[in-house]
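Notes for the one structure printed next.
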Amino acid sequence: MVVVVRENRNPIRALSWVIALIFLPGVGFIFYLFFGRSLRGEMMSQKNRRRLQHSFQPYGVKLQETDLRKEQKNLVMLGTQVGGYPLTYNNEVEIITNGSEKFESLKKDLENAEKSIYLQYYIFLDDKIGEEIAEILMRKAKEGLEVKVIYDHVGSFSARNSFFKRMQMAGIEVHPFFRVNFPQFANRINWRNHRKIVVIDGTIGYIGGMNIADRYAYGSTDQKEPWRDTHFRVEGDIVESLLHSFLIDWNFGKKDPYFPALMPRREDIDNKVGIQLITGGPVSTWDNLSLMFLKAISSAKRLIWIQTPYFLPTDALFNALQAAALANIDVRIMMPAHTDSLLLHYASFSYITQCLAAGIKIYLYEPGMLHAKSMIIDDDLVTAGSTNFDFRSFENNFECNLFIHDAELNSKMRDIFYEDMKRCEKLQKEKWKKRPLRHRFLESLLRLISPIL
């Protein structure tokens, strides 16, 4: 407990650990060793970071050359300060909400690759979809393309080792992020790379919430309907930022960094779609994504619509949402009626009573697992990517989101939200008050430790 207090971390989070250590002294101590310690600090040396920055600086546009609103410019400046990536302007964005469509598009782009494929996923399974993508990657590597794959070691635990060894034997460079083994098991189990990024030939990129797994295309064993998620296919200047992020993770902890030859930038896109990549993780100086979300919510004037599989907000974000709703801003939160984790399910539901009291509209997605992670602000801002609206994404995971400043894309995302609403139950105060007593007890119990879930 002395160690927890001396770390000067988030007091709510520290208090949660103190409670766990008091009431579960043995188990709490083991859990702290595995999940509680901080990872602040550089895992890629400053020297190698400088070398990477010197050899490869993502292209960006000057803010004074844009027609963004003052609030948007302030958000971009914050993003540049905490995340390091500039605002890009000449981009094309395709929104994908269907897993089958996403994988068909990805496989087509992989088949057409001519020079390089950089692929990074939290979960890369050896199921039907995974085998199909692996076969394409191996064929491309044998054709002489440079193919690099990052997968999270814990996220992909259920995939066989032979699956990745087969890719290595075919000439693919495969890197398990933060491999968990002894004696580093307790140091590494809690820090996961949750990003999903693909860069093809330096000109095509993918980013979003879908992993490589059958559940996004065919459903899962307990839910027949495919998981509902949001992904982006992008072309244009933003791809350089995605490539830079991939390289940071590829060189994570390595003494001998890898810097590729730069790909030519697409010059024929003139769409003026402003996109900024924001990455965050336990080695960042700031809580990058939490700060960006807070700034975006605080600047909203008309609406804040959120989709998230888990709703475990920090105090600051929860207060900002309540303040917005009480100020008559249209705040809507959509989450799944049934999730893949009972603990997170009841912990998320523990916030609903206060949300309804403040005037926040809650929608429970009924057909299956809602895994989308997006936020729509007013008429011209959207953010989506790998970041859940929870403590783990804001503090423990390596995450990435696109912040897109564009009225047309915002309108498309609002249409998607409307369509999802048709498949939701909108919670009413009176009905919510009548839920079983045992559910209320579980919600209250799990709320106490929500910052460490």
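The values are calculated or read from the model by the stated rules, or taken from the named source; none is laboratory data. On a predicted model such as this, the values are computed, not experimentally measured, just so you know. In this analysis, Cβ positions are derived from the backbone assuming ideal geometry, glycine residues included, and neighbour counts consider all displayed protein chains. Quick note on the areas: whole protein, heavy atoms, side chains included, nothing else; ligands and nucleic acids left out. Shrake-Rupley method; radii C 1.70, N 1.55, O 1.52, S 1.80 Å.
For the reader, a short list of remarks on this structure follows.
- Flag for Phe293 being of a type in the set (A, V, I, L, M, F, W, C), modelled with pLDDT of 85 or more and either under 28 Å from Ala323 (Cα atoms) or in contact with a Phe, Trp or Tyr (Cβ under 7 Å, 6 or more places away or on another chain) (or both): yes
- Members of the range 323-359 that are outside any helix (DSSP H, G or I), among the aliphatic types (A, V, I, L, M) and out of contact with any helix residue (DSSP H, G or I) (no Cβ under 8 Å at 6 or more places or on another chain): Ala327, Ile329, Ala337
- Of all the listed residues (Leu427, Leu381, Leu364, Leu370), the sole one being open to solvent by less than 50 Å² (accessible area, probe 1.4 Å) and touching an Asp or Glu at 6+ places or on another chain (Cβ under 6 Å) is Leu364.
- Residue pairs whose Cβ atoms lie under 7 Å apart, sitting 6 or more positions apart in sequence or on different chains, and linking a residue in the range 99-120 that is in a helix (DSSP H, G or I) and at pLDDT 95 or above to a partner that is basic (Lys, Arg) and open to solvent by 20 Å² or more (accessible area, probe 1.4 Å), are Ser105/Arg233.
- Entirely in the range 183-286, the helices (runs of 4 or more DSSP H) that have 1 or more residues that are modelled with pLDDT of 80 or more and among the polar types (S, T, N, Q): 238-250
- Boolean, Ile416 is within 25 Å of Asn91 (Cβ to Cβ), buried (at least 20 other Cβ atoms within 10 Å of the Cβ) and touching a residue at least 24 places away in the same chain (Cβ under 8 Å): no
- Qualifying positions in the range 300-322 - open to solvent by 30 Å² or more (accessible area, probe 1.4 Å) and not in a helix (DSSP H, G or I): Lys301, Arg302
- Taken as a whole, the range 409-424 holds at least one residue that is outside any helix (DSSP H, G or I), farther than 23 Å from Asp152 by Cβ and either of a type in the set (A, V, I, L, M) or in contact with a strand residue (DSSP E or B) (Cβ under 8 Å, 6 or more places away or on another chain) (or both).
- Among residues of the range 288-315 that are free of Cβ contacts under 8 Å to residues at least 60 places away in the same chain, those with a Cβ under 6 angstrom from a residue that is in a helix (DSSP H, G or I) and surrounded by fewer than 24 Cβ atoms within 10 Å (Cβ to Cβ), sequence gap 6+ or separate chain, pair up as Leu294/Ala316; Leu294/Leu317; Leu294/Ala320; Ser298/Ala320.
- Of the listed requirements (1) closer than 22 Å to Tyr218 by Cα; (2) at pLDDT below 95; (3) buried (at least 18 other Cβ atoms within 10 Å of the Cβ), Val154 misses just one: (1).
- Given (1) in a strand (DSSP E or B); (2) open to solvent by less than 50 Å² (accessible area, probe 1.4 Å), number of the condition Glu92 does not satisfy: (2)
- Selection from the range 384-408 of residues that are of a type outside the set (D, E, K, R), buried (at least 22 other Cβ atoms within 10 Å of the Cβ) and in a helix (DSSP H, G or I): Phe391, Ser393, Phe394
- Asp126 satisfies every condition listed in (1) open to solvent by 20 Å² or more (accessible area, probe 1.4 Å); (2) within 14 Å of Val199 (Cα to Cα); (3) of a type outside the set (A, V, I, L, M); (4) not in a helix (DSSP H, G or I) except (2).
Each row is one residue, and each column tells you yes or no for (1) open to solvent by 30 Å² or more (accessible area, probe 1.4 Å); (2) within 24 Å of Ser116 (Cβ to Cβ); (3) under 15 Å from the mean Cα position of the chain (by Cα).
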position: Gly205; (1), (2), (3): no, yes, no
position: Gly208; (1), (2), (3): no, yes, yes
position: Asn211; (1), (2), (3): no, yes, yes
position: Ala217; (1), (2), (3): no, no, no
position: Glu225; (1), (2), (3): yes, no, no
position: His231; (1), (2), (3): no, yes, yes
position: Val234; (1), (2), (3): no, yes, no
position: Asp237; (1), (2), (3): no, yes, no
position: Glu240; (1), (2), (3): no, yes, no
